[in-house]
Amino acid sequence: MTKKAKRDTTLTVLLIIGMIIFLQVANTTFDSYEKQVLSLMAIYGIMAVSLNLVNGITGIFSLGHAGFILLGAYTSALLTIPSEQKIAMFIIQPPSPLIANLHADFLTATIMGGLVAAFGAFIIGFPVLRLSGDYLAIASLGFSEVLRIFALNLQSVTNGSLGLKGIPNYTNVWWSWGWLVVTVIFVVSLVKSSYGRALLAIRDNSIAAEAMGINVFKHTLLSFVISAFFAGVSGALYAHWLTTIDPRITTFGPTLTYYVLIMVVLGGLGSITGSVVGAVLFAFLMEWLRVFEQPFTLFGRSFPAIQGMRMLVLSVLFVVTMIVWKRGIFGRSELTWDAIINFFKKFGKKADERGVGK
């Protein structure tokens, strides 16, 4: 192992230890609302990283991410809700014998949510991934809506429009940030492998990649399935964070996919660390900007509560960011230890120069 590799490994271990200490302090000192927001940041991070694997790294423009999140959410919720509660909850039609007596712990339910979403992506991927560009985006969005409509009408499985209520509140800062670390490590390892280099080649020029002997359809399908697995995991965490889910368009509709796409583009399409930073910023702004949906004072002038003002302000901030950073905050670059060290060296050098000038 080289000196640089040893340094990077040491710094990474120290970062993980520091994160564990921070999460422990947050878990004991933050109030319930702050812990909810902290967990949401990590859940959004998993959604963004998983979508970036397809859209940014493989170069497939997919808009069906909300459908895989829905599959993971419903699968995990149906596994963790007790049988007695299911019977009492399904009012219009009794629960199907297939799901009535199913029960599992949270870890198993989360993994199963990811596997069901991955299986759904495998089935959907065969017809969809034979398209490209706008056609692929429209087809994936259509399949996502099909899954939502199924959830709306399968009364004996999903409880239809009534949704699932009283889902155990298992998601906390440890589960959410733990799964985010697993997702980032897996995707980073994947990108650095020969398989990941093949995905990057497909993104840059699929025709040239195929001419070099890369099976484009096989690689894109596997990338699609892996992305859906982690989307399903994020859906499981999201369901147990919300504790109530339903197939309404505001919960698992295209809006959720657009939110995740904003996180990815904000951080940088193709940057894994950028996706995490974009997700954290998006979650923070979505909560902090709630102040604009309440009566507020700005520059000495009072304004009434305006519904939707939060999204308007967020949209303006997003547009300004895209003007300043056309490729997102990080572009396709990653936040490396070398970049951090060089930044502090330049910052220290400028501080020294200012001191000498005085």
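The values are calculated or read from the model by the stated rules, or taken from the named source; none is laboratory data. Since we're looking at a predicted model, the values are computed, not measured. Virtual Cβ from ideal backbone geometry, glycine too; neighbours counted across all protein chains shown.
Output the number of residues of the range 38-64 satisfying the condition of being part of a helix (DSSP H, G or I), more than 21 Å from TRP175 (Cα to Cα) and not hydroxyl-bearing (Ser, Thr, Tyr).
Counting residues in the range 38-64 that are part of a helix (DSSP H, G or I), more than 21 Å from TRP175 (Cα to Cα) and not hydroxyl-bearing (Ser, Thr, Tyr) gives 6.
Looking at the range 287-316 only, could you name the residues that are in contact with a Leu (Cβ under 7 Å, 6 or more places away or on another chain) and under 26 Å from LEU53 (Cα atoms)?
LEU314
When you go through ALA100, ALA151 one by one, which is the residue that is surrounded by fewer than 18 Cβ atoms within 10 Å (Cβ to Cβ) and at pLDDT below 90?
Residue meeting the stated conditions: ALA100.
Taking PHE229 as meeting all but one of (1) closer than 15 Å to ASN55 by Cβ; (2) surrounded by 18 or more Cβ atoms within 10 Å (Cβ to Cβ), write down the number of the exception.
The one condition PHE229 does not meet is (1).
Looking at the range 241-268, which of its residues are at pLDDT 85 or above and among the aliphatic types (A, V, I, L, M)?
Answer for the range 241-268, where residues must be at pLDDT 85 or above and among the aliphatic types (A, V, I, L, M): LEU242, ILE245, LEU256, VAL260, LEU261, ILE262, MET263, VAL264, VAL265, LEU266.
Would you say ARG148 is of a type in the set (D, E, K, R) and touching a Lys or Arg at 6+ places or on another chain (Cβ under 9 Å)?
Considered against the rule, which asks whether it is of a type in the set (D, E, K, R) and touching a Lys or Arg at 6+ places or on another chain (Cβ under 9 Å), ARG148 comes out as yes.
Go over the candidates THR171, THR110 one by one and state the one that is of a type in the set (Val, Ile, Thr), within 30 Å of VAL54 (Cα to Cα), modelled with pLDDT of 85 or more and in contact with a Leu (Cβ under 6 Å, 6 or more places away or on another chain).
The conditions single out THR171.
Do we find that ALA109 is assigned to a helix (DSSP H, G or I), in contact with a strand residue (DSSP E or B) (Cβ under 8 Å, 6 or more places away or on another chain), closer than 23 Å to ILE226 by Cβ and of a type in the set (A, V, I, L, M) in this structure?
In short, no.
If TYR135 satisfies all but one of (1) surrounded by fewer than 18 Cβ atoms within 10 Å (Cβ to Cβ); (2) of a type in the set (Phe, Trp, Tyr); (3) touching a Phe, Trp or Tyr at 6+ places or on another chain (Cβ under 8 Å), what's the number of the condition it fails?
Looking at each condition in turn, TYR135 falls short on (3).
Run LYS35 past the list (1) under 21 Å from the mean Cα position of the chain (by Cα); (2) closer than 28 Å to GLY331 by Cα; (3) part of a helix (DSSP H, G or I) and report the number of the one that doesn't hold.
With (1) under 21 Å from the mean Cα position of the chain (by Cα); (2) closer than 28 Å to GLY331 by Cα; (3) part of a helix (DSSP H, G or I) applied to LYS35, the lone miss is (2).
In this structure, does PHE143 turn out to be in contact (Cβ under 8 Å) with a residue 60 or more places away in the chain, farther than 30 Å from VAL280 by Cβ and part of a helix (DSSP H, G or I)?
So PHE143 does not fit the description; no.
Identify, please: which residue in the range 267-297 is of a type in the set (A, V, I, L, M) and without any contact (Cβ under 8 Å) to a residue 60 or more places away in the chain and is, among those, surrounded by the most Cβ atoms within 10 Å (Cβ to Cβ)?
VAL277
Here's the yes/no breakdown for (1) modelled with pLDDT of 90 or more; (2) among the hydroxyl-bearing types (Ser, Thr, Tyr); (3) more than 20 Å from VAL260 (Cα to Cα):
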{"position": "LEU131", "(1), (2), (3)": "no, no, yes"}
{"position": "SER161", "(1), (2), (3)": "no, yes, yes"}
{"position": "GLY196", "(1), (2), (3)": "no, no, yes"}
{"position": "ASP204", "(1), (2), (3)": "no, no, yes"}
{"position": "PHE229", "(1), (2), (3)": "yes, no, no"}
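Out of curiosity, is LEU70 assigned to a helix (DSSP H, G or I), of a type in the set (A, V, I, L, M, F, W, C), closer than 30 Å to TYR258 by Cβ and in contact (Cβ under 8 Å) with a residue 12 or more places away in the chain?
Spelling it out, LEU70 is indeed assigned to a helix (DSSP H, G or I), of a type in the set (A, V, I, L, M, F, W, C), closer than 30 Å to TYR258 by Cβ and in contact (Cβ under 8 Å) with a residue 12 or more places away in the chain.
Of all residues in the range 161-176, count the ones that are of a type in the set (Phe, Trp, Tyr) and outside any loop (DSSP other than H, G, I, E, B).
The total comes to 2.
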